[in-house]
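Where a number appears in this text, it was derived from the coordinates with a stated rule and is not lab data. In this text, all values refer to a predicted model and were calculated from it rather than measured experimentally. All Cβ positions, even for glycine, are placed from backbone atoms using ideal geometry, and neighbour counts span all protein chains on display.
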Amino acid sequence: MTIALITSILWVTIRAGTSLLYATIGEILTERAGILNLGVEGIMIVGAVTGFAAAFHTKQVWVGVGVAMLAGAVMASIHAFLSVSLRAEQVVSGLALTIFGTGLANYLGQRLGPNGAPLVGMVGPKFTPVSLPGLADIPILGKSVFNQDVLTYATYLLVPLLWYFVNRTRPGLHLRAVGENPQTADAMGVHVAGIRYFYTIVGGMLIALGGAHLSLAYTPGWTEGLTAGRGWIAVALVIFATWDPVRAVVGAILFGGINAVQFRMQAAGTTIPAAFLNMLPYAFTIVVLVLITWWEGIRKRVGAPGALGLPYAREEKR
Amino acid sequence: MRIRLERRLKPSRAAGILVPLISLILALAFGGLILLATGANPLVTYKAMAVGAFGSRYAISETLVKAIPLILCGLGVAVAFRMRFWNIGAEGQLAMGGFAAAWVALFLPGLLPDLPPKWLLPLMIVAGMLAGAVWGLIPALLRAFVGVNEVITTLMMNYIAILWIEYLFYGPWRDPKGYGFPGTAPFPQEAWLPRYPGTRVHLGLVFAIVAAIVLWLVLTRTKWGYEVRVIGENPRAARYAGISLWRNFLLVMLVSGALAGLAGVGEVAGISHRLQKGLTVGYGYTAIIVAWMGQLNPWGVVLVGILLAGLLVGGDQIQITMRLPAAVALVLQGAILFFMLGGVLFNQYRLRVDVGLRRRPVRPTLPAEGGES
């Protein structure tokens with residue numbers, strides 16, 4: 001393999017992994033607070049369409065990012081309200097969010113173009129890769145790791161910060177306590193409902209940002225079904241990452257890498273039908289999930305927050 | 001003023017009927033806001049949808065056509081959900097059912113020239129149900145023996161099944177005389193499900209109703225139905241009672257997948273008479289709403305299946321007549337589910353509003369309680 005090939009595969013891997021990484025760490029934050037949000041796919045796709053529409057009309061990519069995150073916050077707060085205040089079944093609420101989000105995104109995609117026309121095929125502003133001065137001269141890494149767009153660079157800072165926040169700070173401790181054992185957290189004087197709302201909404205904003213990275217950077221523009229199951233892969237990656245933001249990076253690189261290999265093989269004119277190549281990420285998700293579940297089972301380690309998916313009501317004993 | 005939730009001693013029957021109805025009304029109001037915000041008139045839109053779905057003999061027949069896969073998949077999802085096994089793979093199980101039925105219709109007569117033609121349809125039905133069941137069994141095995149999260153596996157298998165049938169009708173199975181249309185050659189006439197004259201309503205409707213009756217009997221009258229309910233309500237109690245979890249995971253998913261597979265058979269043998277693009281249009285996902293809104297009860301599933309089929313047909317109609325995206329129907333589906341979820345709370349809880357006329361006794365030695373709802 002030539003250096004150029006390695007560089008290009010690594011470059012695509014990181015680019016493709018960024019949206020997955022945002023969605024995964026968003027879901028990790030949510031689940032760490034004990035809320036299972038299966039609406040990731042729906043939030044991502046709404047983030048993608050609203051982000052692109054806003055950027056298209058204002059000609060400002062950052063307005064797109066802001067609007068996408070706002071949309072993500074609104075979507076996630078529906079889930080928070082149903083799960084926290086109304087103690088609804090979280091699995092079904094998340095599915096509802098995905099069905100609703102998919103429909104809403106398709107609807108908006110057909111209405112939010114110029115003068116109520118569809119958005120499909122429109123060209124808007126986008127994030128382009130910027131190489132970092134000084135670091136760009138490093139062989140291989142310079143033209144891959146340090147030749148990305150701003151949203152990708154942001155993850156280089158966000159992930160370590162988030163790890164530190166969750167594991168080493170007092171608010172991070174409260175977050176973990178609420179997810180592991182809300183009764184105890186409540187007794188400690190932590191506001192369980194408030195914290196669950198907060199992290200579900202912040203998580204939703206990050207998930208929507210992942211969607212916006214697709215429509216504003218990775219594959220600029222809007223098409224129906226743009227997210228193509230990435231939200232669900234992110235849900236699987238949370239398990240793969242054992243709820244740890246740093247391990248989420250490994251997962252995102254793994255799945256970004258599959259995308260990169262897929263592109264390479266298609267570009268090289270392989271005889272394998274495209275449909276089979278397109279199955280790879282989904283089949284791989286199942287395989288990875290089976291292996292990690294089996295492995296964690298052997299080590300008798302349960303990575304999931306203790307109270308994941310369970311509503312908390314102070315007046316009721318479990 | 002304080003608003004509190006109080007647990008009811010018994011689930012409310014009235015709420016069981018009122019909640020889905022009120023949810024539907026609130027969802028329409030909520031959807032109306034979205035329509036308004038994007039410059040469409042909600043009243044005109046809804047009227048067009050209602051007329052498009054139930055306004056004529058033809059409209060009603062088309063609604064029934066779409067109700068068939070929704071009821072069958074909805075029944076399958078409902079059985080699994082009763083056990084809190086989250087099968088969201090009905091879409092893929094339907095696709096595999098369609099695939100197996102198509103294989104039988106297209107290739108079996110060539111392999112077995114002596115096969116009496118009247119056997120073709122029954123074999124297609126068996127093959128389709130088997131294929132759906134097998135596709136559902138894989139996530140069940142993984143859940144039962146490795147503990148893999150079934151939400152993700154059932155969903156990932158949807159994508160794989162859809163790509164698989166697309167590969168077939170775009171690739172090796174594509175009809176060479178089809179002018180490039182993505183679909184297989186048409187099935188022989190013996191492989192067509194009989195239709196009610198003058199409409200596209202096919203025998204699948206009878207299958208759906210029979211399936212609902214059988215399922216209702218099994219769930220309410222047999223020991224197995226009882227086991228499924230116990231596992232759903234309290235898996236730990238089920239284990240102590242000696243109910244095998246893994247056996248029931250497998251059984252439930254065999255039934256669930258077979259029902260979705262049957263829906264796939266109905267679509268290819270009753271409607272398109274070939275395997276073609278447009279087999280997987282989201283019935284498997286809508287089935288989740290059908291099951292939940294029907295409160296996981298077979299009769300509820302039948303009723304809601306017809307109602308939501310009307311919503312889909314109405315959505316297609318406004319796309320044609322008002323040039324509004326049919327996705328409106330999908331938005332409304334999601335919204336209905338939100339309100340249903342919120343509303344189910346009132347089956348189990350009642351709202352108590354303390355206006356503050358009766359003061360609570362002051363306990364000066366204790367710190368003031370937090371203002372949590």
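Below, the figures for the structure above:
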| quantity | calculated |
| --- | --- |
| Fewest-first sequence of B:Phe207, A:Phe165 by Cβ atoms within 10 Å of each Cβ | A:Phe165, B:Phe207 |
| Over chain A: Kirkwood hydrodynamic radius from C-alpha pairwise inverse distances, Å | 20.1 Å |
| Helix B:13-37 vs. chain B, principal-axis angle (Cα, 0 to 90°, nearest 10) | 80 degrees |
| Hits among aspartates and glutamates - C-alpha to C-alpha of B:Lys177 under 19 Å, sequence gap 8 or more where chains match | B:Glu166 |
| Spatial extent of the protein assembly as shown: Rg and Dmax, with the Cα atoms as the point set, Å | 25.7, 92 |
| Of B:Val265, B:Thr321, A:Val46, farthest towards positive along the dipole that unit charges on Lys, Arg, Asp, Glu beta carbons give the protein assembly as shown | A:Val46 |
| Fewest-first ranking of A:Tyr197, B:Tyr179, A:Tyr156, A:Tyr282, using other Cβ atoms within 10 Å as the exposure measure | B:Tyr179, A:Tyr156, A:Tyr197, A:Tyr282 |
| Cα centre as origin, Lys/Arg/Asp/Glu Cβ charges: the stretch A:110-264 dipole, Debye | 40 debye |
| Nearest 10 degrees, 0 to 90: helix B:298-321 Cα axis against chain B principal axis | 70 degrees |
| Chain B - percent relative contact order, Cα under 8 Å, separation 6 or more | 37 percent |
| Selection from B:Val134, B:Val210, B:Gly97 lying farthest towards where the dipole of the stretch B:85-211 points positive, charges on Cβ | B:Val210 |
| For chain A, size of Cβ-based charge dipole, Lys and Arg +1, Asp and Glu -1, in debye | 320 debye |
| Gain on full stretching of the segment that runs from B:Glu190 to B:Arg84 - 0.36 nm per residue minus C-alpha separation | 34.2 nm |
| Charge dipole (debye, nearest 20) of the protein assembly as shown; +1 at Cβ of Lys and Arg, -1 at Cβ of Asp and Glu | 1680 debye |
| Relative exposure of B:Thr45, A:Thr169, judged by other C-beta atoms within 10 Å (fewest first) | A:Thr169, B:Thr45 |
| Trypsin sites (Lys or Arg not before Pro), loop per DSSP, at most 10 other Cβ atoms within 10 Å - longest free stretch of chain B | B:1-176 |
| Cα principal axis extents for the stretch A:71-217, largest first, Å | 53, 45, 20 |
